[in-house]
Each structure stands twice: as structure tokens, then as C-alpha cells.
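Reading through the C-alpha cells given below for one structure.
The values are calculated or read from the model by the stated rules, or taken from the named source; none is laboratory data. It should be emphasised that the depicted structure is a prediction, and the values quoted were computed from it without experimental measurement. Positions of Cβ are generated from backbone atoms using ideal geometry, with glycine treated the same way; all protein chains shown enter the neighbour counts.
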Amino acid sequence: MKRLPGILLAITLLLFCFAVFAFAGDAPTPDPIGANSGGIGDMVGYAANGPTADDMKAIDEVRKTEPFAVKVADAVGKNRIAINIVWTLVCGFLVMFMQAGFAMAETGFTQAKNAGHTMAMNFMVYGLGLLGYWLCGFALQMGGAGPFASLGGGATMNSEFTISLFGKDFGLFGMKGFCLGGDAYDAAIYTMFLFQMVFMDTTATIPTGSMAERWTMKSFIVYAFFISAIVYPLYGNWVWGGGWLSALGRNFGLGHGHLDFAGSSVVHLTGGMAALAGAIVLGPRLGKYGPDGKPRAIPGHHVPMAVVGCFILAFGWFGFNAGSTLAGSDFRIGVVATNTMLAGGAAAFSSWLYMSMRYGKPDISMSANGMLAGLVAITAPCAFVTSLSAVIIGAIAGVLVCISVFFIERTLKVDDPVGAVSVHGVNGAWGVIALGLFADGTYGDGLNGVAGTVKGLFYGDSSQFVAQVIGTVTNMIFVFVVMYAFFKVLDKIVPLRVPAGLEMEGLDQSEVAVTAYPEFNLTKSHR
């Protein structure tokens, strides 16, 4: 039983490294150093799949008659791809730093006796998630999504498993890129892997907040591999990897298909649904609910730490949202970044006002979560809306998170120590719905293979709203059901919850062999 996580890892490694050779192909050819990436064909913007056949014929004619001009154009095109790759990588680095923000926010909002344990989960989910995503997650998500035109390569990621229904093709998962081996050894693919991996890691870390202070480290390890290698990649494929939700527009005329510019549903709603399932199966912390069933407050031990963590998250969010253009040459990044900032600020203020009006005093911890809720909500529509819409979306998110926290705690009787379900789940759903309402038709021409820009219900396209609802409901059902079943089964094999005595004492020494604050007497609960 104790060896189960290691055995599962070994089996997974063998299976999917074998899959590298099973799905490797001969054509097209990868470009691991980028020597053949970028050129005259990338000098100006083209459709998602790069220059058309007619474009290439015109380029060949120019090569014959104007060799010097072609050399200049090739250099310009290569620089354009280089700018996009550097932009994507730097934004990926910003998103990776968000892990520090999550660690500080979650640890600050929980008790001192569990600080080391909460930090350990936020630290280790990075390495565990990275390995799971490398083994097979990236392949399942993006194995059929190539080429990555803005990055100048990735054409070898060209195998999507599909089924045919109603005369339409429904993509379910990718089949190239396992262990980044075979013909996935390509500069553009590696760049895409890094950027997509840090997004996945955000999803994986969300349940560490809702399940904090009573989760065994052994079961956490199995969870980290499961969500990073299987659950997140599957839904991610359906939206970002060319799967069936992204094709709702082409197949059924529903706008541009389910859209999620930077991850309100793919990242945050997925994490929120997993967090809800885990918290339900795990049960509330000891002492959270009294004999009368009423919830008791269990204050976080370090609110300043939590607030600083939220600021770090807000900083990293600029990479999260603006980086999702995958192109520093896309000037829309300025609009995306500004909308992101406005929504977060509006949500922090609306949370502050709501708590002041409802309870007579503001609550800084709720405002901090409110800011995160606004950032979550704007993540899907950030590229498609005006600044006024961004403020409205954020302001609604700030109030929504307050209402949701109390509803989940008091009505559903689910103990979520940091409000992860409300911040990421509820407002992840609000974000993708908001896209279907507020998209103003300025941006997104040709997205998901549909001509025309993206418009929401308030701008005349009800079909886009329908696509957003379908994608949201699909996520809630798929992720919650799968993760609930997973946690129930896992609990029978590797217990999810620590013994009551250890929970009362604190998990630092028993689970991670370290005490975060050794100078304090943490052997007794404050309750």
C-alpha cells in the first residue's frame, strides 16, 4: 500500500514513453533548434494554420525574381517568430511565479500548525504536475492542435482521436507528444509545452486550498498525477486542442464554438470542480461545525502573508491573460492586460463594499479573494470586451464570491478553508458566461475556423452565448463526476484524511517532517 504512488508512476512512465514510438511519424519534420522556423511566410499575419497554398506560390515567385528582398523578408519573418516565442516564454515564467502566490495565499488563510504542510502541497504540486503533464497530459491536450502558427512550428502535433456523430467529427484527445519524444522534439512545441504546463499547474493547485489541513500527502501525490495527466488535459483538448467544444461553431453554427481566451473554464472551473469534489469527499475540518450544524470561524494565521500572495497572483495574471495571445506581435495584449487589471480592481472594491454594507465592516481577506475572483472572471473574456465591460464583469465577480463563500459554507455544509471553490469554480463559470454576454465584435476573426469576429448576446449573437453555456455545463458535469469518483475510489486504497489526533495536533511533523514555526507551541488546537 505504501508503495502505490511509486508503482503507479513507474507504470505510467513505461506506458507513455512507449507511446512516444507508437505515435511518432515521419512527416512533417520537427525543428528542434528553430533553424528552419520563421521566414517570409511569417512576415505578416496569416490564418491559424499559417500561409495558404496560394500564399506559398506567390512567395516562390518572389524568391525567383527578388532574391535580396526575400532575404530581408525572411529575416523580418524570423524576427517576428522570435518575438512571439520570447513573449510566450516570459509570460510562462510569470505564470510559474504564481505558484508562490498560491502558496502564500493558501498558507496565510489556514492555521499555523499546518503551514508547513500547506506550503509542501503547493510546492510539490509543481513538480508532480509537471511530470504527469510531460508523461501524457500535454499529448492528450495538444497532440492534434498543431501547427502553432504564431510560434513558427509544431506541425508534427497533427494527430487527434475523433469520433463521428450526426455526420460531424468530435475530437476527444490528442495522440502526439508523449514524453515530448519522437517528432515532438521541436522548438515551438517545447515552447508551447512550457506555457501550457504552467496553466495546468494552476488547476492542480486549486484543490490544495479547499482540502487543506486534513489531506494526507500520499493521496495528494496520486491526485497530482491524475489531474495533470488525465482530467485537465481532456477538457483542455476539447477547448484549446481542437476538440469538440471548440468545433461547436463549425459543426452546429454556435458562434465560434466554446471560447475561453485564457482559462476561466479550462483552468479555473476545472480546478474549482475538482476542489468541490475533494472537499465533499474529505469532509469538514474537526470543529468547523458545531452540534447545531452552524459553521464556526477558523481564522487564518497570517493575513498579511495571504494578501501578499494575492498580489503576487495578480502580477502573474498579466502573463496568464496577455500571454495567451502567444504573440508579442499581437497588439491586443495591451487591451487584454488593461482589462485584467480593471476587473481585478473592480472586484476587490465591490467585495469591500458588499461586506461593509452586509456586516457593517469590510473584510480584507474577502477583498483579497474578491480581487482573485475578478481576475478569474475576466480570464475568458479579457480579449473580447471593452474596459467598461471588464469593470462590470469584475464588480459582479467581487459580490458573487462573497455570496458563494457563505452559501457553500452554510447551506451546502462544505468546508473550504480558503474559498477556492467560490473564487475559481463559481467565478470561472461566470467568466465564460460573461464572454457570451459581453464580447463586442472587435476581436477574434477566424478563431476556431469561423469567419467574423466574436460577438456575445448583448451584441447580437445569442449562439455564442449558447456555446458558452454548453462548455460550462460540460465542465461542471465531467470534472465533478470524474473527480468525485476518483476521490471515493482513492480513499479506499490510500486514505484521503489524516487521523483525528494528527489533525488536532497539526500536520507539519506527521506529514512533511517539518514545523513551520518551531518557536511556537503548536501541539494544541486553538479551538
Please enumerate the residues belonging to segment 161-176 that are closer than 15 Å to residue 138 by Cα and either surrounded by 21 or more Cβ atoms within 10 Å (Cβ to Cβ) or over 24 Å from the mean Cα position of the chain (by Cα) (or both). 173, 174, 176
Exactly one of (1) surrounded by fewer than 24 Cβ atoms within 10 Å (Cβ to Cβ); (2) under 16 Å from the mean Cα position of the chain (by Cα); (3) within 21 Å of residue 28 (Cβ to Cβ) is unmet by residue 130. Its number? (3)
Could you list all residues from segment 318-348 that are of a type in the set (Ser, Thr, Tyr) and at pLDDT 95 or above? 324, 325, 338, 340
So residue 179 ticks every box in (1) out of contact with any Cys (no Cβ under 9 Å at 6 or more places or on another chain); (2) part of a helix (DSSP H, G or I); (3) surrounded by fewer than 20 Cβ atoms within 10 Å (Cβ to Cβ); (4) in contact (Cβ under 8 Å) with a residue 24 or more places away in the chain but one. Which box is left unticked? (1)
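crowded, with 24+ Cβ neighbours inside 10 Å, touching a residue at least 24 places away in the same chain (Cβ under 8 Å) and not in a loop (DSSP other than H, G, I, E, B), is that true of residue 105? Can you show your working first?
Values: crowded, with 24+ Cβ neighbours inside 10 Å: yes; touching a residue at least 24 places away in the same chain (Cβ under 8 Å): yes; not in a loop (DSSP other than H, G, I, E, B): yes.
Spelling it out, residue 105 is indeed crowded, with 24+ Cβ neighbours inside 10 Å, touching a residue at least 24 places away in the same chain (Cβ under 8 Å) and not in a loop (DSSP other than H, G, I, E, B).
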Working only within segment 289-306, note down all residues that are farther than 15 Å from residue 118 by Cα and buried (at least 19 other Cβ atoms within 10 Å of the Cβ). 298
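If you go through segment 371-418 one residue at a time, how many are within 17 Å of residue 276 (Cβ to Cβ) and under 17 Å from the mean Cα position of the chain (by Cα)? Walk me through how you get there before you give the answer.
Of segment 371-418, the ones within 17 Å of residue 276 (Cβ to Cβ) are 372-373, 376, 400-401, 403-418.
Those still in the list that are under 17 Å from the mean Cα position of the chain (by Cα) too: 372-373, 376.
So the answer is 3.
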Where residue 409 falls short, out of the listed (1) in a helix (DSSP H, G or I); (2) in contact (Cβ under 8 Å) with a residue 12 or more places away in the chain; (3) under 17 Å from residue 260 (Cβ atoms): (3)
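Residue-by-condition table, conditions (1) at pLDDT 95 or above; (2) assigned to a loop (DSSP other than H, G, I, E, B); (3) surrounded by fewer than 15 Cβ atoms within 10 Å (Cβ to Cβ):
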position	(1), (2), (3)
421	yes, no, no
442	yes, yes, no
467	yes, no, no
489	yes, no, yes
518	no, yes, yes
Taking segment 278-321, which residues are out of contact with any Ser or Thr (no Cβ under 9 Å at 6 or more places or on another chain) and under 14 Å from residue 205 (Cα atoms)? 313
Return the pairs, sorted by first residue and then second, in which the second residue is part of a helix (DSSP H, G or I) and charged (D, E, K, R), the first residue lies in segment 189-209 and is closer than 11 Å to residue 99 by Cβ and in contact (Cβ under 8 Å) with a residue 24 or more places away in the chain, the beta carbons are less than 7 Å apart, and the residues are 6+ apart or on different chains. 208/106
I'd like the full set of residues that are outside any helix (DSSP H, G or I) and touching a helix residue (DSSP H, G or I) at 6+ places or on another chain (Cβ under 6 Å), limited to segment 298-331. 300, 301, 302, 326, 327, 328, 329
Pairs with Cβ under 6 Å, 6+ apart, first in segment 215-235 and within 18 Å of residue 137 (Cα to Cα) and crowded, with 23+ Cβ neighbours inside 10 Å, second aromatic (Phe, Trp, Tyr) and at pLDDT below 95: none
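Which one of 219, 150 is hydroxyl-bearing (Ser, Thr, Tyr), assigned to a helix (DSSP H, G or I) and modelled with pLDDT under 95? So that I can check it myself, show each step before the final result.
Working: 219 fails: modelled with pLDDT under 95.
Sole residue among the options that is hydroxyl-bearing (Ser, Thr, Tyr), assigned to a helix (DSSP H, G or I) and modelled with pLDDT under 95: 150.
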Between a residue in segment 330-355 that is within 30 Å of residue 149 (Cβ to Cβ) and any residue that is charged (D, E, K, R), which pairs come within a Cβ distance under 8 Å, given they are 6 or more apart or on different chains? none
Residue pairs, Cβ under 8 Å, 6 or more apart or interchain, first in segment 469-494 and under 19 Å from residue 225 (Cβ atoms), second charged (D, E, K, R). List them. 491/497; 494/218
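Suppose the filter is modelled with pLDDT of 95 or more, surrounded by fewer than 24 Cβ atoms within 10 Å (Cβ to Cβ) and not small (Gly, Ala, Ser); does residue 157 pass it?
Details: modelled with pLDDT of 95 or more: yes; surrounded by fewer than 24 Cβ atoms within 10 Å (Cβ to Cβ): no; not small (Gly, Ala, Ser): yes.
So residue 157 does not fit the description; no.
Regarding residue 511, is this residue in contact with a Leu (Cβ under 6 Å, 6 or more places away or on another chain) and part of a helix (DSSP H, G or I)? Spell out how you get there, then give the answer.
Details: in contact with a Leu (Cβ under 6 Å, 6 or more places away or on another chain): no; part of a helix (DSSP H, G or I): yes.
No.
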Quick one: what pairs do we get from segment 239-250, first residue within 17 Å of residue 176 (Cα to Cα), second surrounded by fewer than 24 Cβ atoms within 10 Å (Cβ to Cβ) and not hydrophobic (A, V, I, L, M, F, W, C), C-beta under 6 Å, 6+ apart or different chains? 242/160; 242/171; 243/171
Inspect all residues belonging to segment 259-275 and state whether any of them is within 21 Å of residue 174 (Cα to Cα), of a type in the set (Gly, Ala, Ser) and touching a strand residue (DSSP E or B) at 6+ places or on another chain (Cβ under 6 Å). no
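Here are 376, 401, 391: which of them is among the β-branched types (Val, Ile, Thr), touching a helix residue (DSSP H, G or I) at 6+ places or on another chain (Cβ under 8 Å), within 15 Å of residue 263 (Cβ to Cβ) and not in a loop (DSSP other than H, G, I, E, B)?
Numbers: 401 fails: within 15 Å of residue 263 (Cβ to Cβ); 391 fails: within 15 Å of residue 263 (Cβ to Cβ).
Just a single option satisfies the conditions, and that option is 376.
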Residue 459: passes all of (1) more than 20 Å from residue 268 (Cβ to Cβ); (2) of a type in the set (Ser, Thr, Tyr); (3) in contact (Cβ under 8 Å) with a residue 24 or more places away in the chain but (3)
Failed criterion for residue 432 (all others in (1) surrounded by 20 or more Cβ atoms within 10 Å (Cβ to Cβ); (2) over 22 Å from residue 375 (Cβ atoms); (3) of a type in the set (A, V, I, L, M, F, W, C); (4) in contact with a helix residue (DSSP H, G or I) (Cβ under 6 Å, 6 or more places away or on another chain) hold): (2)
